[in-house]
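The values are calculated or read from the model by the stated rules, or taken from the named source; none is laboratory data. Here the structure is a predicted model, which is why all the values come from computation and not from measurement. We place every Cβ from the backbone using ideal geometry, glycine too, and count neighbours over all the protein chains shown.
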Amino acid sequence: MSGRLGRLGGRWNHYCLGKLPFGDRRDVGAGYTMAAAAVLAITVAVPSARLLEVIFGPHSIWAMGFIGVVGLPVVVPTAFVAGSITWRYLRSILPCSGVGAGVVATGLTYVFATTIAAMGLTIEFFWTNPDTMPTGLLFVFVYLWFAVGNIALGVLAWIAVPVGALGGAIYERGYSI
């Protein structure tokens with residue numbers, strides 16, 4: 001298995017990252033890799049909404065549609081930033097560097113994307129309710145942060161964490177050959 005990951009990582013690093021701006025730098029290349037992993041996770045997860053609708057009821061298909069439409073412009077850039085931060089600052093202290101860094105980058109992506117989504121929803125709430133007190137806005141932000149984060153984690157973690165770990169492993173194997 002590691003031979004296949006090494007060949008795949010070598011091809012990824014040469015043909016994909018070699019063509020992108022600053023893709024040869026380890027942190028930027030990791031950002032590109034984690035952004036590609038986020039696109040893959042959303043691409044797999046959104047069509048599976050039909051299966052989730054059968055299992056969990058009709059509300060899950062709307063949640064997956066929302067994640068597909070809103071998730072791509074928010075999650076992909078945050079995955080790039082999370083991957084770059086992870087490989088620049090945390091990779092040297094993580095055990096099993098590729099898989100561990102991929103999982104940590106996926107977790108940071110959840111934190112960053114949830115914060116951006118909650119900020120956007122809080123601004124929309126303030127826009128429609130301008131007489132809200134600042135403490136009320138803080139409560140709304142914290143509530144939305146946990147609500148959006150729990151929904152995203154519950155709906156997408158089954159695919160995002162393994163794809164992030166696999167992306168990290170492929171990226172690291174490409175440098176080890």
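Scanning segment 131-165 for residues that are hydroxyl-bearing (Ser, Thr, Tyr) and surrounded by 15 or more Cβ atoms within 10 Å (Cβ to Cβ) yields a count of 0. Within segment 73-84, can one find any residue that is modelled with pLDDT under 65 and assigned to a helix (DSSP H, G or I)? Within segment 73-84, not a single residue is modelled with pLDDT under 65 and assigned to a helix (DSSP H, G or I).
Tally up the residues in segment 85-105 that are in contact with a Lys or Arg (Cβ under 6 Å, 6 or more places away or on another chain) and at pLDDT below 80, please.
Selection size over segment 85-105: 1.
Against the conditions (1) farther than 22 Å from residue 44 by Cβ; (2) touching a residue at least 40 places away in the same chain (Cβ under 8 Å), residue 169 satisfies every one except (1). For residue 140, are the conditions met, namely being among the β-branched types (Val, Ile, Thr) and without any contact (Cβ under 8 Å) to a residue 24 or more places away in the chain? Against the criterion (among the β-branched types (Val, Ile, Thr) and without any contact (Cβ under 8 Å) to a residue 24 or more places away in the chain), residue 140 qualifies.
Taken across segment 12-28, residues that are modelled with pLDDT of 85 or more and touching a Phe, Trp or Tyr at 6+ places or on another chain (Cβ under 8 Å) do not occur at all.
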